[in-house]
Each structure stands twice: as structure tokens, then as C-alpha cells.
Amino acid sequence: MALNIERNKYVIKASVNRPDALNAVNFELMDRLEQLLDELENNREVRLFILTGTGSSFISGGDLREFHQLKKADEAKRMTSRVINILKRIEQLPFWTLAAINGYAYGGGWEIASYFDFRVVSRDAKIGFTQGKFYLPPGWGGVSVLSKLVPKSRALYWLASQKVITAEEAVESGFADELFESESFDESLEKLSSKLTLNDRTFIEYLKRSPEMKDASEEIEPFSRFWESEEHQKRVDAFLKRKS
């Protein structure tokens with residue numbers, strides 16, 4: 001199975017499971033992701049979607065053995081359009097999305113991770129902007145999404161030099177949000193998941209939309225509604241009781 005899926009009340013975790021191909025993307029994996037997205041888009045309970053990999057790799061890009069059979073521009077266009085559609089669907093999910101980069105993320109692997117709300121990396125992870133080695137620019141929207149995460153000049157330098165960066169460099173540059181020690185990666189991921197799922201979908205959806213606001217005054221009305229909510233009052237009461 002190209003994708004292993006774990007479900008609990010608030011979290012759906014998908015692990016790419018093609019270790020013999022370093023978890024490279026192929027058509028079967030694309031099928032599985034599309035099926036999972038059909039489920040996610042209709043789930044009103046989930047608060048967090050995690051994508052990670054099995055073994056030593058997160059996602060090592062596209063499966064060259066399979067995709068190299070595509071020789072014509074029209075064939076490549078259909079493939080890349082399909083992947084971009086999958087990634088845009090992930091980007092538009094109304095709950096948190098987290099790319100848990102457990103190992104190698106080369107080529108299309110870093111492009112996929114870039115569409116998620118958050119990225120965490122294992123200390124052993126390596127992120128490789130290596131498409132240029134095959135005389136290819138990024139094809140899954142990587143140039144535009146990468147330039148939102150790091151300065152444009154850095155993004156272009158990484159792509160031009162086929163740069164491979166460490167987990168520390170990924171965090172320092174702003175590409176990744178946090179570094180987890182490799183031996184406690186799963187435990188750290190579970191703790192982070194608990195924090196990201198503390199609040200309900202109403203709260204999460206508001207935060208995901210809030211960067212689109214044009215003026216600070218637009219925050220007044222939603223803030224006031226959260227202030228009067230039963231959940232806010234209950235949590236403050238509990239906090240004050242602990243302090244008394």
C-alpha cells in the first residue's frame with residue numbers, strides 16, 4: 001500500500017509507504033492521496049492532517065522510473081497539473097496541515113511540504129533542491145510557494161545551486177518551523193499534535209483565514225465573539241481556580 005493511514009478523533013496521519021523507492025511519488029500514490037482528500041474535505045471533526053514518510057525518507061520527489069515513461073510535453077503537463085491540484089486541495093483544507101519531514105525530502109518532496117501550514121524536521125532530515133541536476137525547474141508550484149517561505153534570492157540560490165540543506169538550516173532559514181530529535185521524533189510529533197488540536201474547527205478556521213484581513217479593526221468582531229463563548233469562559237474559570 002503506497003499510503004498508510006491512521007485515524008483518531010481529531011487527527012488523520014498519512015505515511016507515504018514506498019521505502020524501496022525512497023517514498024517517491026507515483027501514480028498509485030496520487031490515486032491514494034486523491035481518495036484521502038475526498039474523505040478529508042467531508043470530515044467535520046478532524047483538526048489536523050499530518051503527512052510523513054516511512055523509513056529514512058519523507059518524499060524523494062517524483063518516481064523517475066515511472067515518470068520517465070512520459071516523453072511528451074502534454075504528458076508531463078497532465079502529470080504535473082494533477083499533482084498541483086492535489087497540493088492546492090491540501091492547501092485549502094479548513095484545518096491545520098503538518099508536513100512531518102522524517103528524512104530525505106528531495107525535489108518534489110520539498111515542494112509538497114511547502115504547501116502545508118507547518119513543517120517540522122527530524123535532525124537527520126535533508127532537504128534537496130535538486131531538480132536542476134536533471135535539467136528541470138520545479139514543476140509542482142515550488143518556485144512560488146518556496147518564495148513565500150524564504151527570501152526570493154535564497155530560494156533562487158538554492159534552486160540554481162541544487163542545494164541540499166540540513167535540518168538546522170531548514171529551521172534557521174524559515175523553511176521549517178521546528179526541529180525534533182530523531183530518536184524522539186514520533187513522541188515530539190504526538191505532543192505537537194495535542195497542541196494543534198486543542199481548539200475546535202471554528203477557532204482553527206478563523207486563524208487560517210485571519211492573515212487575509214486588511215485592517216486590524218477586522219479582528220474586533222470575531223475576538224468579541226470568542227470572548228463571550230462558553231469555551232473561553234470555562235477555560236478562564238478553570239485557570240483562575242488553579243491559581244486560587
For the chain, with every protein chain kept in place, what is the accessible area per residue (1.4 Å probe, Å²)?
56 Å²
Roughly what % antiparallel, to the nearest 5, for the DSSP beta bridges in the chain?
25 percent
To the nearest 10 Å², what's Ser188's accessible area with a 1.4 Å probe?
30 Å²
Which residues qualify? For Val164, with a placed amide H closer than 5 Å and at least 5 residues away or on another chain, they are Phe129
Looking at segment 99-155, which chymotrypsin sites (Phe, Trp or Tyr not before Pro) are DSSP coil and have at most 13 other C-beta atoms within 10 Å of their C-beta?
Tyr135
Once neighbouring chains are kept in place and the probe is 1.4 Å, which whole percent of the accessible area of segment 36-76 is contributed by carbon and sulfur?
46 percent
Cα→Cβ-extended label distance, 7 Å offset, between Lys77 and Gln233, nm
5.9 nm
Solvent exposure ordering (accessible area, 1.4 Å, most first) of Asp124, Asp117, Asp63, Asp200
Asp124, Asp200, Asp117, Asp63
By how many degrees, 0 to 90 and rounded to 10, does the Cα axis of helix 185-196 deviate from the longest principal axis of the chain?
40 degrees
Net charge, Ser122 excluded, C-beta distance under 11 Å - Lys, Arg +1, Asp, Glu -1
-3
Where in the chain lies the longest segment free of trypsin sites (Lys or Arg not before Pro) that are both loop residues by DSSP (not H, G, I, E, B) and have at most 12 other Cβ atoms within 10 Å?
73-213
Solvent accessible area, Å² - Thr202, 1.4 Å probe, full protein context:
90 Å²
Calculate the spin-label point distance for Tyr157 paired with His68, positioning each point 7 Å from the Cα along the beta-carbon direction, and give it in nanometres.
3.3 nm
Unit Cα scatterers, Debye sum, the chain: log10 I(q)/I(0) for q = 0.08 Å⁻¹:
-0.34
Simple SL model, points at 7 angstrom along Cα→Cβ for Ser210 and Lys195; separation in nm is 1.6 nm
Expected 222 nm ellipticity per residue - DSSP helices of 4 or more, -39500 (n - 2.57), all of the chain, to 500
-13500 deg cm²/dmol
Show me the GluC sites (Glu not before Pro) within segment 96-193 that DSSP assigns to loop and that have at most 13 other Cβ atoms within 10 Å of their Cβ.
Glu181
Determine the dipole magnitude for the chain: charges of +1 sit on the beta-carbon of Lys and Arg, -1 on that of Asp and Glu, nothing else is charged, the reference point is the Cα centre, and the result goes in debye to the nearest 20.
360 debye
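The values are calculated or read from the model by the stated rules, or taken from the named source; none is laboratory data. If you're wondering where the values come from, they're calculated on a predicted model, not measured in any experiment. Cβ atoms come from the backbone with ideal geometry, glycine included; neighbour counts cover every protein chain shown. The area values use the complete protein model at the heavy-atom level, side chains included, leaving out ligands, DNA and RNA. Shrake-Rupley method; radii C 1.70, N 1.55, O 1.52, S 1.80 Å.
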